[in-house]
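The values are calculated or read from the model by the stated rules, or taken from the named source; none is laboratory data. Just so we're clear, the structure is a prediction, and the values are computed from it rather than from any experiment. Note that we place each Cβ from the backbone using ideal geometry, even for glycine, and neighbour counts take in every protein chain shown.
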Amino acid sequence: MRRLIAVLLCGLLLPLGGCGRAEPEPAEVVSTVFPVYDFARELTGKAGRLLVPPGSEIHSYDPTPSDIMAIQNCRLFLYVGGESEAWVDRVLEGIDPEKTSVVRLMDFVTPLTEEITEGMTVFEREEAPDEHIWTSPVNAGKMTAAIADALCTALPQTADAVRERETAYLSKLNELDQAIRQTVESGKRRLLVFGDRFPIRYFTEEYGLSYRAAFPGCTAESEPSARTVAYLIDLVRAEDIPVVLIPELSAGRVADAICDSTGAAKRRFHSVANVSLDEWEAGESYLSLMSENLSVLKEALS
């Protein structure tokens, strides 16, 4: 709370000279996290503003004064609405609804509560919806459609181009969805093992997959109990699991321990919550990263 109050105070001072940083040109569309930013980019054909910087952890992000000013000055503000974005409610108190349209994308999908599966290390925390809604390409399509509707309302001069891009992008998401379904159908197993957080529950729910993991998806912890590690090692051995998965930005230490004990391969399954600096500079997108996941999935289900 102290951090947010300081941010808001600094934001009030920006018109009088700022906090030592030059303010960039106002963006018409501002998004909190990468997948939302990428969907909007696909629909508009140009970059908006992404608040959570590449390479950063979305669960620990705090808005800067510049970020708050960007939200206040944009035409359309897009956010997911999960636990990590609780700060948005306070910021929205200063938004002029006549100037800025706001879309909470969790309102357009069916939220799932974080699930605790056998063997997980769980630290005391309040039950909350899993915020990684975009990991299901079906949900990604719903989010894209909602963003397209909002763009056509907030920026009506772009409506024809947005609708054309929406049709093309939804077709690509459908192709991805069908490819995943075919991969799952032809796989030998239905179980995925994550040696880390588990951020893809919407993905596994959509495609009828089960999973075991060291932690739930939004935990801030990085060290599982010895009991959890032993459980996952025994499971990988008993089920002859070929691949132990980690999400992006993971150091992979837990997965390494499991793989060293079992001979399984370690592979990254990208939740697309954020991208690394290298991925950002390379122009990676939701579709490109999910296509890489498809190859990993084939190996994991073999």
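The selection criterion, being touching a helix residue (DSSP H, G or I) at 6+ places or on another chain (Cβ under 8 Å) and surrounded by fewer than 19 Cβ atoms within 10 Å (Cβ to Cβ), holds for Ala145. Of everything in region 265-292 that is small (Gly, Ala, Ser) and surrounded by fewer than 23 Cβ atoms within 10 Å (Cβ to Cβ), the residue that is farthest from the chain's Cα centre (by Cα) is Ala265.
Here Pro54 does not fit the description of being assigned to a helix (DSSP H, G or I) and under 19 Å from Glu281 (Cα atoms). Screening Val80, Val122, Val103, Val52 for residues that are out of contact with any Cys (no Cβ under 8 Å at 6 or more places or on another chain) and under 30 Å from Ala230 (Cα atoms) leaves exactly one candidate, Val122. Selection within region 38-87: residues that are aromatic (Phe, Trp, Tyr) and surrounded by 22 or more Cβ atoms within 10 Å (Cβ to Cβ). The member of this set that is farthest from Leu277 (Cα to Cα) is Phe77.
The rows are residues; the columns are (1) under 21 Å from Leu173 (Cβ atoms); (2) in contact with a strand residue (DSSP E or B) (Cβ under 7 Å, 6 or more places away or on another chain).
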position	(1), (2)
Thr204	yes, yes
Tyr207	yes, no
Leu249	no, no
Ala257	no, no
Asn274	yes, no
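Residue count for region 123-160 satisfying the condition of being touching a residue at least 60 places away in the same chain (Cβ under 8 Å) and under 17 Å from Ile200 (Cα atoms): 13.
Restricted to region 184-202, and to residues there that are surrounded by 19 or more Cβ atoms within 10 Å (Cβ to Cβ) and not aliphatic (A, V, I, L, M), the residue that is nearest to Glu299 (Cα to Cα) is Phe194.
For region 230-253, give me the residue count where each residue is at pLDDT below 95, farther than 21 Å from Thr204 by Cα and of a type in the set (A, V, I, L, M, F, W, C). Of the residues in that region, 1 qualify. Residue-level check: of (1) outside any helix (DSSP H, G or I); (2) surrounded by 21 or more Cβ atoms within 10 Å (Cβ to Cβ); (3) out of contact with any Lys or Arg (no Cβ under 9 Å at 6 or more places or on another chain), Val254 misses just (1).
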